[in-house]
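Student: Below is a structure I'd like to ask you about.
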Amino acid sequence: MPDLHLYGHPDSGHACKVALALSLADLPHATTVIDIWAAPETRLATFLKVSPFAEVPVLLLDGAAVFQSGAILMELAQRFALLGGDTPEGLRRGREILMWEANRIGMCLPQLKEARRSGSAGLSGDVVAWLMARYEVDRANFDRLIGDEPFLHGRAPGIGDCAVWGYVQWLDDAGVAPSDVMAHWADRMRVLPGMKAPEVFFAQ
């Protein structure tokens, strides 16, 4: 069995993506919570040694550090042939969804969520309007991507579903609404064996 150790925080959607993938795949792992609201230089020394940007998530795979959530998800899918990684088509689909998520819906939702967080410096009205407009496009494109399937990977969830879930789980906090198609997908995600709340994934 591989030695897996995840550094993350319940407020990080990027860390939640990886925690969900590990849980859905039933891969045992250790977890260390990193205070992402503390100054980077004050974070755990062992974490700073393996995280180039002092950011979560970082996954140690048999002692080798992998950072950036998309890269970690791809590593898990390929190394363990799971969550779409068991076929070339599944891996290709995973790469497509991960690239889309990182550049589109996974860009606007964290910013909108942060803008509404208590204590946040917020964003200008023009920036919020721009992000909201991007989200509306992304929401429509989500519907196109999933089509008539229950998950973005088809009949079963894959790393692409984990990636999109990272921040779609907080649509209310971001001040936006899902499409009907996205809402039904989210309902299916919530009842998956292995799905947990962020605070449970990263219990202190």
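Student: Which FRET efficiency, nearest 0.05, do Ser179 and Thr87 yield, Cβ-Cβ r, R0 35 Å?
Tutor: So the FRET efficiency works out to roughly 0.80.
Student: OK, next. Going by amide H atoms built from the backbone, whose H comes under 5 Å of the H on Thr31, apart from near neighbours?
Tutor: Sorted by chain and number, the residues that satisfy this are Leu6.
Student: Take the Cα of Trp37, step 7 Å along the line toward its Cβ, and report every residue of the stretch 84-122 whose backbone nitrogen sits under 18 Å from that point.
Tutor: 110-122
Student: On a C-alpha basis, how far is the centre of the stretch 86-107 from the centre of the stretch 1-78 in Å? Whole number, if you could?
Tutor: 19
Student: Add +1 for every Lys or Arg and -1 for every Asp or Glu among the other residues with Cβ under 13 Å from the Cβ of Pro88, and state the total.
Tutor: So the environment of Pro88 carries a net charge of 0.
Student: To continue, here is another question. Give the calculated FRET efficiency between Leu48 and Asp26 to the nearest 0.05, with a Förster radius of 45 Å applied to their Cβ-Cβ distance.
Tutor: Rounded to the nearest 0.05, the efficiency is 0.90.
Student: Once you place label points 7 Å from the Cα toward the Cβ at Met107 and Gln78, how far apart are they in nm?
Tutor: Modelled inter-label distance: 2.4 nm.
A short reminder: the numbers here are calculations on the coordinates, not readings from a lab. A quick note: this is a predicted structure, and the numbers were derived from the prediction, not measured. Virtual Cβ from ideal backbone geometry, glycine too; neighbours counted across all protein chains shown.
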